[in-house]
Every structure is written in structure tokens, then in C-alpha cells.
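The values are calculated or read from the model by the stated rules, or taken from the named source; none is laboratory data. Since we're looking at a predicted model, the values are computed, not measured. The area values use the complete protein model at the heavy-atom level, side chains included, leaving out ligands, DNA and RNA. Shrake-Rupley method; radii C 1.70, N 1.55, O 1.52, S 1.80 Å.
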Amino acid sequence: MRIDRIELREVALSLKNPFRTSFGVEQHRRITLVSLFSEGQEGIAECVAGEFPGYASETVDTAWHVIETYVAPLVVGKSFATANELLHALRFIRGHNMAVAAVEMAFWDLQAKQLNLPLWQLLGGQLRPIPVGISLGIQDTVEETVDLALRNVDLGYRRVKLKIEPGWDVEMVGAVRATLPTTDLSVDANSAYRLTDAPRLRELDEFRLAYIEQPLAHDDLIDHVALQAQLATAICLDESVHSAEDARKGLATGAGRVINVKTGRVRGYQAARMVHDVALTFGAPVWCGGMLESGVGRAHNLHLSTLPNFVLPGDTSSSSRYWHEDIVEQPLEAVNGLQQVPEGPGIGVTLKMDMVERLTQRRQELLPH
Ligand code: OSB
Ligand code: MG
């Protein structure tokens with residue numbers, strides 16, 4: 001498959017409500033859409049790098065720069081039979097996983113469309129409704145948190161993940177647990193704690209959480225091993241896992257027992273599938289994380305979630321939780337906590353072109369030189 005050109009497009013979209021985590025607040029998203037064109041067909045993906053390097057070191061602007069300056073010259077005008085061949089061409093680009101992933105994921109969509117297959121099938125998944133939960137940002141009060149958790153459980157969401165940070169943890173989680181005694185609950189610290197906080201984190205054990213997500217540093221596995229040994233609750237690794245090798249090390253050492261898989265963080269589908277397979281060999285469950293994506297990224301997440309070891313509810317909640325209006329035609333709405341995988345070739349969603357044009361901040365064509 002010859003890649004004729006790449007198109008980059010930045011679209012501005014505002015979240016319904018500010019999303020607060022231990023590393024900052026997001027209210028306006030600058031969404032980078034990456035399209036690969038071949039023989040009149042278009043594959044598309046969303047780059048999940050944020051405006052601010054708070055979750056990962058990449059940003060919207062570094063990803064744009066890396067794709068334009070380093071990725072495109074290695075891809076445009078070249079032919080690749082598989083995603084592996086594409087990744088091989090990019091092997092000397094160290095890091096910048098979110099930038100590379102967006103290109104790789106667009107390639108998968110393109111290939112699925114050329115084969116006239118839904119992406120889940122090309123990935124080797126099994127079509128099924130995808131159980132999803134919500135990720136609840138840090139709120140102003142415990143009462144609001146309890147209320148939001150309750151309302152979303154009533155909507156059918158299969159799991160409630162509460163964002164925590166020092167000072168917003170045991171009391172808040174205890175209040176939610178008291179109101180929702182049987183709900184699948186978890187917490188996500190986004191690296192806000194240190195190993196010396198182990199006694200505090202141990203207090204969470206009594207709330208029977210499914211897992212504590214990424215309590216310690218974004219680049220740590222060693223301290224997570226020590227912490228996991230002191231906790232009854234499983235640790236779920238997010239920020240610390242950038243590859244299948246990281247997943248192997250994390251699970252083999254006992255740094256965690258669960259993995260949150262995000263294609264952007266690990267460099268695309270090929271790597272995401274390898275993380276999934278490694279976890280399976282350890283008997284560790286995985287689930288599909290989210291990065292406040294538009295419908296393009298959400299559709300990708302749902303296709304990935306059809307792989308068999310995605311056994312825990314993912315973060316691909318309804319598009320309408322985040323957006324007044326999404327940029328894709330197909331509604332991606334959970335019903336009773338289940339999302340349907342979009343049908344049709346590739347990712348199965350199409351852009352609302354008028355809306356996208358209206359929201360476009362910049363656009364760039366990358367042609368062969
Ligand atoms: O840690 O999983 C995370 C959002 C942005 C960056 C990191 C994370 C998140 C979420 C939200 O938890 C997941 C979603 O609903 O898209
Ligand atoms: Mg997380």
C-alpha cells in the first residue's frame with residue numbers, strides 16, 4: 001500500500017465540564033487528526049497528546065512537529081504491506097509514541113478499509129458489546145462526587161473510577177463506597193503519591209477497589225513493586241507502561257497486576273496487542289483507557305477493546321459525557337454500560353465535515369518530496 005500523502009488537522013473542541021486530575025485541569029482540547037491517503041482511500045486516527053505535558057511528555061505541538069519533520073518523510077511516497085513494515089521504517093524515532101501511534105493507527109484504518117473489513121476483525125478481535133465505566137475527575141466537594149457517581153451508576157455504567165490525589169482520597173472514596181456498596185469502584189492517582197504514602201494508600205484496601213491506578217511516578221516500576229507488596233488492592237499500571245517490555249517487567253516483578261492499555265502511550269495497535277498478549281501470559285486482565293478522545297479516538301478504542309483479554313470495563317464512556325456535539329456522525333453512546341463497536345469498514349465512523357472545517361485551527365498536507 002503506497003501512502004500518497006498525510007494530512008494533519010488541528011480541531012478545537014471544548015469539554016462540557018473541566019476535567020481535573022492530580023496533574024491539572026483540561027477544558028479545551030486541541031485534537032490532532034491524522035489522515036493517511038492511498039488509492040483514493042483515507043485512514044484516520046486521533047493523536048492523544050495533550051496541550052500540556054502533564055500526563056506524558058508529548059504535547060499537541062511536539063506531535064505535530066515530529067510527524068511533519070521526521071515521520072512523514074519516512075512514510076509519504078513509500079509502500080508498506082503491514083503496520084509492522086511501517087513501524088520498521090520509523091524504528092529510529094525514539095519515543096514520541098503518541099505521534100507515531102496516530103500514524104500507525106491511521107494506517108490500520110486505511111488497510112481495513114482497503115480490505116473492506118471492520119477494524120476489529122483485522123486486529124483479531126471478537127465482535128461483542130464493550131462494557132464501559134466512567135472516569136470521574138476531581139470535584140469540588142465529596143457530595144458532588146457521590147452524586148455524580150450515583151447518577152452514572154444509575155445510567156448503567158459498569159465501573160466508576162475516581163481520580164485521587166493526596167488530600168482527596170480516603171474520605172472521598174469512603175463516602176462513595178458507603179453510597180454504592182456493590183459497585184465496581186477504582187481510583188486513579190496519575191502518579192500523585194510516593195512510596196512513603198503507603199500507609200495512606202493501605203487505608204483504601206477496606207473499600208474493595210478493583211485496582212489503584214498509577215499511584216507512583218510515571219517512570220517508576222521499582223517502587224510500585226514495594227508498594228504492591230504492602231497492598232491487598234491490585235495496582236493497575238498506566239503511565240509506567242510504554243511497551244510490551246514494560247508490561248512484562250511490571251507484571252513479572254509484581255509492580256502491578258492489571259494494565260490500562262492506551263494505544264497512544266504504547267506506540268499504536270501493534271504494541272497494544274503485544275501488551276495485551278503479555279498480560280494474558282501472566283493471567284493479568286487489561287482494559288482500554290481513554291484520553292478524552294473525540295469520536296475518532298473513541299471508535300479506535302472500541303475496536304481495540306474487542307481483543308479477548310480486555311476483560312475489565314474500559315474508559316470509553318458516552319461521547320456526550322464530554323462533548324455537546326461530537327465530530328463524527330455516528331453516536332457513540334453507552335446503553336446500560338455497553339458500547340457497540342461501530343460497524344462498517346475500518347473504524348466505522350465518518351467525520352461531520354462541515355463541523356470539522358468550522359473548528360479547524362490549522363491544516364497541513366505532507367506530500368512526497
Ligand atoms: O489517567 O486515564 C488517565 C484522561 C486524560 C489523561 C489521563 C487519563 C484520563 C482519564 C480519562 O482518566 C479517561 C477518559 O474518559 O477518556
Ligand atoms: Mg490513568
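I need the P(r) histogram for segment 1-124: all alpha carbon pairs, bin width 10 Å from 0 out to the longest distance, whole percents.
The distribution over segment 1-124 is 13, 42, 30, 14, 1, given as percents.
Rounded, prolate or oblate: which fits segment 175-318, taking a ≥ b ≥ c as square roots of the Cα gyration tensor eigenvalues, rounded meaning a/c under 1.5, else prolate when a/b beats b/c? Please list the in-between numbers first.
Working: a/c = 1.79, a/b = 1.26, b/c = 1.42.
Verdict is oblate for segment 175-318.
Starting from the exponent 0.38 and prefactor 2.2 Å, build the expected Rg for segment 253-295 from its residue count and divide its actual Cα Rg by it. Walk me through the intermediate numbers first.
Numbers: Rg = 11.0 Å, N = 43, 2.2 N^0.38 = 9.2 Å.
This ratio for segment 253-295 stands at 1.20.
How much accessible area per residue does the chain have, counting only protein heavy atoms and a probe of 1.4 Å, in square angstrom? If you can, show how the numbers build up before the last one.
Working: 14630 Å² over 369 residues.
Value returned for the chain: 40 Å² of accessible area per residue.
Please give the Cα centre distance for segment 263-284 versus segment 147-195, rounded to the nearest Å.
First find each Cα centre; the distance between them is then 26 Å.
Restricting things to alpha carbons, find the Rg to Rh ratio for segment 44-193 using the Kirkwood radius for Rh.
Details: Rg = 20.5 Å, Rh = 18.6 Å.
The Rg/Rh ratio comes out at 1.10.
On the principal axes of its Cα set, how long, how wide and how thick is the chain? Give whole Å, largest value first.
Its Cα atoms span 59, 41, 35 Å along the three principal axes.
May I ask you to work out the translational diffusion coefficient for segment 329-368 at 37 °C, viscosity 0.692 mPa s, via Stokes-Einstein with Rh from the Kirkwood sum over Cα pairs, reported in whole µm²/s?
253
State the percentage of accessible surface on the chain attributable to carbon and sulfur atoms; use a 1.4 Å probe and exclude ligands, DNA and RNA. Walk me through the numbers on the way to the answer.
Values: 7680 of 14630 Å².
Looking at the chain in its full context, I get 53 percent from C and S.
If each DSSP helix of 4+ residues adds -39,500 (n - 2.57) and the sum is divided by the residues in the chain, what number results at 222 nm, nearest 500 deg cm²/dmol?
-9500 deg cm²/dmol
Mind jotting down the distance between the C-alpha centroids of segment 292-363 and segment 76-133, whole Å?
16
Given Cα positions, please report Rg to Rh for segment 285-369, the hydrodynamic radius being the Kirkwood one.
Details: Rg = 14.5 Å, Rh = 14.1 Å.
Here the Rg-to-Rh quotient is 1.03.
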